[in-house]
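Report on the following structure.
Each value in this text was obtained by applying a stated rule to the coordinates, not by laboratory testing. Computed from a predicted model, the values in this text were never measured in an experiment. Please note: Cβ atoms are built from the backbone with ideal geometry, for glycine as well, and neighbour counts cover all protein chains shown.
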Amino acid sequence: MKLLDSLRQYTTVVADTGDVEAIGRHRPQDATTNPSLLFHAAQMPIYRHLVEEATELALERGGRHEEMAEEFIDRLFVLFGCEILKVVPGRVSTEVAARLSFDTEATITKARKLISSYEKAGVSRDRVLIKIASTWEGIRAAEQLEKEAIHCNLTLLFSFAQAVACAEAGVTLISPFVGRIYDWHKKEQGGAEILPDQDPGVASVTRIYNYYKKYGYKTQVMGASFRNVNQIVRLAGSDLLTISPELLDRLEQTDGVVERKLDPVKAEASKEKHLHLDEKTFRWMHNEDAMATEKLAEGIRKFHSDASHLQEYALSQVAEKVG
């Protein structure tokens, strides 16, 4: 048996890419995208028709170049999402701009617009997850959106406080970032490799999973941002895992059997206390975690930077047509 087939016995496998062809090869249940993945995919000749269509729709909207560029990005996200949904049976995650991470109302407005575009394209809202950064403001936006049956994937999740607040808000899914947690701790230790059984990213997801299952939260846990196969197999049993095409290839080519590590029955033994977080408690608890504070801020900056590249690309497409 291959590791990927073995993993699928316990965990829903998700492809972390904007490349529809790569998704088709690995037959995942769901797929996740972000601005950098879509910027990369948009450069591929095979997807040129989607770029052309997004440009035409942006020009139809009219207005200033910046407004048309924003429309181009929204349309491109939805067009790629629709293509991805032709090859995955489940859901696609589509991201709200990182610059809205501290604006609850603007996040809600953008999410509604994206869902409306999907529905106009004939895609049910049940097949789309709106990706939002796990800031206090983002979590509040997701809480409102879930009440409207707009399902959310809370991303850039590094602290236990973020996980608790997301569960209390009733969000559909969270994406704790295993690899980036690992990176931070490795750097703190002077760059030395961390033993697999001491991996802090794996430990973080395990703690969150056990807490959710022990206290009966419906929010799903989707481990994300992996650096190696070891991190993935140590989280077998997580509700979902979103994996890059490179690591999916490795799992598909490696013989072996994956042992279930995360289990709702074992989660009952968790000693974690049941928490209820108001805004002040959330902010303090998150602030006390140096890694999470640093990585959340850095993640928002990086996603915004990636979105800026996409914005420049969008402006160039619009300017080319407008003249």
Under 12 Å, Cβ to Cβ, from VAL221 - net charge with Lys/Arg +1 and Asp/Glu -1: +2
Inter-site label distance for GLU252 and GLN43 at 7 Å from Cα along Cβ, in nm: 2.3 nm
Highest-fluctuation residue, SER101, SER204, SER270 considered, GNM on the chain with Cα pairs under 10 Å: SER270
Top positive-direction residue, dipole computed over the range 1-126 with Cβ charges, set PHE102, GLY62, LEU4: LEU4
The range 1-152: relative contact order as a whole-number percent, Cα under 8 Å and 6+ apart: 20 percent
Restricting the range 219-277 to trypsin sites (Lys or Arg not before Pro) in coil, as DSSP defines it, with at most 12 other Cβ within 10 Å: LYS271, LYS273
Bins of 10 Å from zero: percent of alpha-carbon pairs in the range 1-51: 23, 45, 22, 10
Net +/- balance of residues flanking PHE102 in space, Cβ distance below 14 Å, scoring K and R +1, D and E -1: +1
Tail fraction, Cα-Cα pairs, the range 1-105, threshold 21 Å, whole percent: 43 percent
Those GluC sites (Glu not before Pro) in the range 241-323 that DSSP places in a loop and that have at most 16 other beta carbons within 10 Å: GLU259, GLU268, GLU272, GLU288
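Convex hull over the Cα atoms of the range 26-69, averaged projected area in nm²? Numbers along the way, then the final one.
Working: hull surface 17.0 nm².
Seen from a random direction, the Cα hull of the range 26-69 projects 4.2 nm² on average.
Grab the beta carbon distance between LYS147 and LEU195, set R0 = 35 Å, and tell me the FRET efficiency rounded to 0.05. Show your work: numbers first, answer last.
Details: r = 44 Å, r/R0 = 1.25.
My answer for the efficiency is 0.20.
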Among LEU57, LEU310, LEU85, residue whose mean-square fluctuation peaks in a GNM of the chain (springs only between Cα atoms under 10 Å): LEU57
The range 129-208: GluC sites (Glu not before Pro) falling in loop per DSSP and having at most 10 other Cβ within 10 Å: GLU193
Translational D in µm²/s for the range 220-282 (Stokes-Einstein at 37 °C, 0.692 mPa s, Kirkwood Rh from C-alpha pairs): 234 µm²/s
Contact order relative to length of the chain, as percent, for alpha carbon pairs under 8 angstrom and 6 or more apart: 24 percent
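Give the Rg/Rh ratio for the range 266-320, taking Rg as the radius of gyration of the Cα atoms and Rh as the Kirkwood radius, to two decimals.
With Rg and the Kirkwood Rh in hand, the quotient comes to 1.31.
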Alpha-carbon centroid distance for the pair the range 243-275 / the range 16-38, whole angstrom: 20 Å
Most fluctuating residue given options LEU50, LEU38, LEU195, as computed from a GNM of the chain linking Cα atoms under 10 Å: LEU195
Equivalent ellipsoid semi-axes - Cα gyration tensor, the chain, angstrom: 32, 23, 18
Rounded to whole Å, sorted largest first: equivalent-ellipsoid semi-axes of the range 219-323, Cα gyration tensor: 35, 26, 12
Too-long pairs where the Cα-Cα distance tops 28 Å, listed order kept, from LYS110/LYS295; LYS86/LYS214; LYS187/LYS271; LYS2/LYS86; LYS295/LYS321; LYS187/LYS218: LYS86/LYS214; LYS187/LYS271; LYS295/LYS321; LYS187/LYS218
Rough spin-label spacing in nm, given labels placed 7 Å along Cα→Cβ, for LYS271 and HIS65: 6.1 nm
